[in-house]
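The values are calculated or read from the model by the stated rules, or taken from the named source; none is laboratory data. Quick caveat, the model's predicted, so the values are computed rather than measured. Here the Cβ positions follow ideal geometry from the backbone for every residue, glycine too, while neighbour counts run over all protein chains shown. Quick note on the areas: whole protein, heavy atoms, side chains included, nothing else; ligands and nucleic acids left out. Shrake-Rupley method; radii C 1.70, N 1.55, O 1.52, S 1.80 Å.
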Amino acid sequence: MAQQTTPHTQTIKIDHAKDLLRDAKIANGAERLIGDVLLEDDSVLMYCDSAYVFPDNSFNAYRHVHLKKQDTMDLYGDSLHYNGDTKRAEMFGKITFKQKKMILTTTHLIYSVDSSFAHYWNGGKIVDTANILTSDIGTFSSRAGLASFKDHVLLVNKDYTIKCDTMDYSPNNKISYFHGPTHITSKTNFMYCERGYYNSRTGISQFWQHPYINGKKGEKLNGDQIFYDKVRDYGQVLDNVTLNDTTDNIVIKGDYALYKGNNKTILVTCHALMEQEYDKDTLFLHADTLFGYNVSMSDTSTGTKSPPKLLLAYHHVRFFKNDMQGKCDSLSYDEKDSVMHMLYSPILWSDANQLTADTMKLYLRNKRLDKMDMRSNAFIISRDTLASKMDTLRFDQIKGKNMKAYFVDNKIHKVYVKGNAQTIYYVYTDNNTKVVGANRADCSSMLIFITDNKIKTITFEDTPDATLFPIKEVKPTEFLLKNFSWHEKERPKSLLDIFKDTP
């Protein structure tokens, strides 16, 4: 027995045509419509030059095809196949799809009337009031409020350009979601991520999977996650944070960063570390918190040099450089005049010397230590490097109210002591083979010249109280100036040491 087919309910209505031909020999019994054709299926109207209406509740339309869904959608093309049972339209040729303020152009499109779902895969271009978007593949649904685009996705508007592999877009709340390598270029900076989102209405974005932001003047900020508010030029970066300033060869690292573009500041904390290159050496500085001024990821000025930066480091500051190390509670460095301030129990080690005072001001020239002001309770100590291993407690000492130390090749060359000047140093024979004794001198002020970490000459501003003690009368453990304190155990010997707790 032959299988019977279920008859189709014909929902497609013919509203108008100049000519109507009914012949079973024409296209499987189709009705052929010619001239100003108007078809209707529920809420859908279809206009064209000619059409074939089939008994299975479908039709093909040709030339000047226009599919209209009430006042919500208009679809134009060269030819169309429409199925009245599935409410599915497939458009071919030069296609224009209009929905509210959005216009899509492509060459092959499938549209579902009931779900308002559209899909193209031969390349498409979408234009709205703010954006122009192109992609190889695209799907979107006004009912679901979501659009998806894949392969060679490019979004362009007046403020930025986005290139990515895959993008989901919510027209209702203006949020774009990125998947795969994504490049965002604006007038102020460049951003990269492999996952993230951007709200074009609020200017808020969040990026993860290898995200970074490049400024226009050589700054690069990256971390595991970046949150950025474009309107306020405000951002937060989480985990494995790195700010790289290629102009000044400065790198700041940590696990949390807070960036405020309006103030041109950045705060970095949680394992905070600053690195700055000095010729063939690098300065490593660690503190609980690092704070930078005149740092901008959105500077659009051209032809002008970036303003000098100011770095603040506070609480448990320690730094290491091959020829200089230090520690204090708080520190500031002003790039404008290359001056570093060390505050609250500062200690500086330079070669064999330990320098302490209530506050210190270091002046750098050509990225090298040039001179230093030591204010209140200034003290310089160096272990007697010519002493035998049995006499390691011998120390040359300089003490005073205030001091100014001058450096050559990062070594102390001379020291001017102002107020309550005192010194103890060990005296050797001319060939430095035998210790003669220890000289102690007290004076209101003195100028001391140093060679190879040994005191060579002293000039006194007034009559000193000076005595040379024979070495037999000297007990090194007792031959120390008041408030002597040797902090060698606290001296950083490597990069790792600046992260260790002070013993």
Exercise for review: Give the range 419-455 a look and list any residue that's acidic (Asp, Glu) and in a loop (DSSP other than H, G, I, E, B), or say none.
Suggested key: ASP430, ASP452
Review point. Out of the residues in the range 454-480 that are open to solvent by less than 30 Å² (accessible area, probe 1.4 Å) and under 22 Å from HIS413 (Cβ atoms), which is nearest to the chain's Cα centre (by Cα)?
Key: LYS454
Study note, to complete from the structure: With criteria (1) open to solvent by 40 Å² or more (accessible area, probe 1.4 Å); (2) in contact (Cβ under 8 Å) with a residue 40 or more places away in the chain; (3) farther than 22 Å from LYS401 by Cβ; (4) of a type in the set (Phe, Trp, Tyr), TYR428 comes up short on (1)
Review point. In this structure, does ASP281 turn out to be out of contact with any helix residue (DSSP H, G or I) (no Cβ under 6 Å at 6 or more places or on another chain), modelled with pLDDT of 90 or more, open to solvent by less than 70 Å² (accessible area, probe 1.4 Å) and over 15 Å from ASN189 (Cα atoms)?
Key: no
Review point. When the residues of the range 434-453 are filtered to those that are farther than 24 Å from ASN377 by Cβ and either over 56 Å from the mean Cα position of the chain (by Cα) or at pLDDT 90 or above (or both), which remaining residue is most open to solvent (accessible area, probe 1.4 Å)?
Key: LYS434
Review point. Just wondering, is there one or more residues in the range 404-413 that are closer than 18 Å to CYS328 by Cβ, touching a residue at least 40 places away in the same chain (Cβ under 8 Å), in a loop (DSSP other than H, G, I, E, B) and open to solvent by less than 60 Å² (accessible area, probe 1.4 Å)?
Key: no
Exercise for review: Quickly run through the range 142-156 and pick out the residues that are under 21 Å from ASN122 (Cβ atoms) and of a type outside the set (Ser, Thr, Tyr).
Suggested key: ALA147, PHE149, LYS150, ASP151, HIS152, VAL153, LEU154, LEU155, VAL156
Exercise for review: Might you check whether a residue that is at pLDDT below 85, crowded, with 22+ Cβ neighbours inside 10 Å, within 18 Å of the chain's Cα centre (by Cα) and farther than 20 Å from ASP281 by Cβ occurs anywhere in the range 296-306?
Suggested key: yes
Check your understanding: When only residues in the range 187-245 that are among the hydroxyl-bearing types (Ser, Thr, Tyr) and part of a strand (DSSP E or B) count, which is farthest from LYS264 (Cα to Cα)?
Key -> TYR197
Check your understanding: If ALA147 satisfies every condition in (1) among the aliphatic types (A, V, I, L, M); (2) open to solvent by 30 Å² or more (accessible area, probe 1.4 Å); (3) touching a Phe, Trp or Tyr at 6+ places or on another chain (Cβ under 8 Å) but one, which is the exception?
Key -> (2)
Exercise for review: Among the residues of the range 396-433, write down those that are more than 46 Å from the chain's Cα centre (by Cα), of a type in the set (S, T, N, Q) and at positive phi.
Suggested key: ASN420, ASN432
Check your understanding: Which pairs do you get when a residue that is modelled with pLDDT of 80 or more and in a loop (DSSP other than H, G, I, E, B), found in the range 10-26, comes within reach of a residue that is of a type in the set (D, E, K, R) and open to solvent by 80 Å² or more (accessible area, probe 1.4 Å), reach meaning Cβ atoms under 7 angstrom, with the pair 6+ apart or on two chains?
Key -> THR11/ASP42; ALA17/ASP36; LYS18/ASP36
Review point. Got at least one residue in the range 52-70 being loosely packed, with under 15 Cβ neighbours inside 10 Å, among the aliphatic types (A, V, I, L, M) and over 30 Å from ASN172 (Cα atoms)?
Key: no
Practice item. Please find, among TYR111, TYR47, TYR62, the residue that is in contact with a Ser or Thr (Cβ under 6 Å, 6 or more places away or on another chain), hydroxyl-bearing (Ser, Thr, Tyr) and part of a strand (DSSP E or B). Key: TYR62
Review point. In the range 31-50, which residues are open to solvent by less than 20 Å² (accessible area, probe 1.4 Å) and either within 18 Å of ASP85 (Cα to Cα) or under 57 Å from the mean Cα position of the chain (by Cα) (or both)?
Key: LEU39, ASP41, VAL44, MET46, CYS48
Exercise for review: For ILE95, indicate whether it is assigned to a strand (DSSP E or B), open to solvent by less than 40 Å² (accessible area, probe 1.4 Å) and not small (Gly, Ala, Ser).
Suggested key: yes
